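Laboratory data are not the source of any read-out in this text; all were calculated from the coordinates shown. Worth saying up front: this structure is predicted, and the values here are computed from it rather than measured. Cβ: placed from backbone, ideal geometry, glycine included. Neighbour counts: every protein chain shown.
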Amino acid sequence: NAGVTQTPKFRVLKTGQSMTLLCAQDMNHEYMYWYRQDPGMGLRLIHYSVGEGTTAKGEVPDGYNVSRLKKQNFLLGLESAAPSQTSVYFCASRLMVGLTYEQYFGPGTRLTVT
Amino acid sequence: GQQLNQSPQSMFIQEGEDVSMNCTSSSIFNTWLWYKQDPGEGPVLLIALYKAGELTSNGRLTAQFGITRKDSFLNISASIPSDVGIYFCAGQSGYSGAGSYQLTFGKGTKLSVIP
C-alpha cells in the first residue's frame, strides 16, 4: 500500500496562474481532507469530502475549489493563484468505521506563488 | 471556532532527557491524537486516545487523555536524535455533523535534541 500520495511535490506559480493538486489514497477511505500549513499556524483545513461526489468547506476555503469524482482521488484547485497561497499543502484521508477519527497524511506539496 | 493551546512552542533538550508537552482547550474533546512531523514530511500518527483518563504507550512515547476531557499530554522518555521534529496534538469534538468529520490541531511543539 502506498497510503496517501500527492502530486506534484513542488510547484512554483506566477500570480494569476491556475493549477490542480492531486491526492490519491489506496486505503479505501471514505473521508479525505486538504490542509495548508504555514509557519506558526499549524494545520488549517481548506476543504474536505465525506464521500465520492460530496465536498464541504473547512476553515480557510476562499480561493480554492475541490472535486471528488472518484473515491480514491481528491483534487484541490487554485483558479487564480495569489502570493498569500504560498504554503505547504497536505492531503489526508480517514476511514469511516465506528468512532475512529485517525487521519493519515500524504507527504505534502510545497507551493510558491511569485 | 475551537482552539487548542499547545505548549511549549519549542524546546531544546539533551539526548537522554525526558520530554513533556501538552495541549489544553476550553472545550471538551472526545478524541485526542498525537502526530509527529519530520522536516519536509507529512504528519505521522503516533498515538490515538479515545477515553477520558486513558493512558497509552507507543515505545518510548506515552500519552494521556485528561480526565476533564479538555487536555492531553505527551511524554517522550530517554530522547534520541531521531525524536527531532514537530509534535502536533489534534482533537475531535463531535459524534455527528461537521464536528465529527474534522480535527482541530494545535500549532505544534518543535523539539530539538542536542547530542
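Which whole number gives the average count of other chain Cβ atoms within 10 Å of the Cβ atoms across peptide A:42-51?
Average neighbour count from other chains, rounded to a whole number: 4.
Placing unit charges on C-beta atoms (Lys and Arg positive, Asp and Glu negative, everything else neutral), compute the dipole magnitude of chain A about its Cα centre in debye, rounded to 20.
So the dipole magnitude of chain A works out to roughly 260 debye.
Can you compute log10 of I(q)/I(0) for the protein assembly as shown with the Debye formula, treating each Cα as one identical point scatterer, at q = 0.09, 0.17 Å⁻¹?
Treating every Cα as an identical point scatterer, log10 I(q)/I(0) equals -0.37, -1.24.
Please report the antiparallel percentage of DSSP beta bridges with both residues in the protein assembly as shown, rounded to the nearest 5.
Just about 90 percent of them are antiparallel.
Counting only Cα, what are the radius of gyration and maximum Cα-Cα distance Dmax of the range B:14-55, in Å?
Radius of gyration, then largest Cα-Cα span, for the range B:14-55: 13.1, 35 Å.
Which one of B:Q37, B:S93, B:L55 has its Cα pushed farthest toward the positive end of the charge dipole of the range B:16-115, where Lys and Arg give +1 and Asp and Glu give -1 at the Cβ?
Most positive-ward Cα: B:S93.
Using the Cα centre of chain A as origin and beta-carbon charges of +1 (Lys, Arg) and -1 (Asp, Glu), tell me which of A:Y104, A:G3, A:T15 is placed farthest towards the positive end of the dipole.
Looking along the dipole axis, the top candidate is A:T15.
Dipole size in debye (nearest 20) for the range B:1-95 around its Cα centre, Lys and Arg Cβ +1, Asp and Glu Cβ -1?
For the range B:1-95, the charge dipole is close to 420 debye.
For chain B, set up a GNM with springs between Cα atoms under 10 Å and report which of B:A90, B:A78, B:A48 has the largest fluctuation.
Of the options given, B:A78 has the highest mean-square fluctuation.
Would you compute, for the Cα atoms of chain B, the largest minus smallest coordinate along each principal axis and list the three values in descending order, in whole Å?
46, 29, 21
What size of dipole, in debye to the nearest 20, comes out for the protein assembly as shown about its Cα centre when the only charges are +1 on Lys and Arg C-beta atoms and -1 on Asp and Glu C-beta atoms?
460
Quick one: check the C-alpha center-to-center distance for the range A:41-94 versus the range B:31-49, whole angstrom.
So the separation of the two Cα centres works out to 20 Å.
Sticking with the crude label model, points 7 Å out along Cα→Cβ, report the distance from A:Q17 to A:E52 in nm, one decimal please.
3.3
How big is the range A:11-114 in terms of Cα radius of gyration and Dmax, in angstroms?
When restricted to the Cα atoms of the range A:11-114, Rg and Dmax are 13.4, 44 Å.
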